[in-house]
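Data first, discussion second: the structure below is written as structure tokens.
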Amino acid sequence: MKYKLVVLVRRDLKISCGKLAVQVAHAAVECVLSSKNEIVEQWRKEG
């Protein structure tokens, strides 16, 4: 099975690119931390 992380960002948000990047990174990390470890490991092995 293929795994991927897709991040959608609203274009109407009035924040800088840097702030947006930080928020996206925080969301991605939180998704990984709240996921089942075996699924995360399979995702990591796929590269």
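Computed from the coordinates by the stated procedures, all read-outs in this text should not be read as laboratory data. Fair warning: this is a prediction, and the values are worked out from it, not measured in the lab. When we count neighbours, we look across all protein chains shown, and the Cβ atoms used for this are built from the backbone with ideal geometry, even at glycine.
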(Q) Give all pairs with beta carbons closer than 6 Å in which a residue from the stretch 2-27 that is closer than 29 Å to E38 by Cβ meets a residue that is assigned to a helix (DSSP H, G or I); count only pairs at least 6 apart in sequence or on separate chains. (A) Y3/W43; V7/V24
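When the residues of the stretch 35-46 are filtered to those that are touching a residue at least 40 places away in the same chain (Cβ under 8 Å) and in a helix (DSSP H, G or I), which remaining residue is surrounded by the most Cβ atoms within 10 Å (Cβ to Cβ)? Talk me through it step by step, then tell me what you get.
Looking only at the stretch 35-46, we keep the residues that are touching a residue at least 40 places away in the same chain (Cβ under 8 Å), and these are 42-43, 46.
Remaining after also requiring in a helix (DSSP H, G or I): 42-43.
Details: Q42: 13, W43: 16.
Among those residues, the one meeting the criterion is W43.
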Q: With respect to V32, determine if the residue is surrounded by 10 or more Cβ atoms within 10 Å (Cβ to Cβ), among the aliphatic types (A, V, I, L, M) and in contact with a helix residue (DSSP H, G or I) (Cβ under 6 Å, 6 or more places away or on another chain).
A: yes
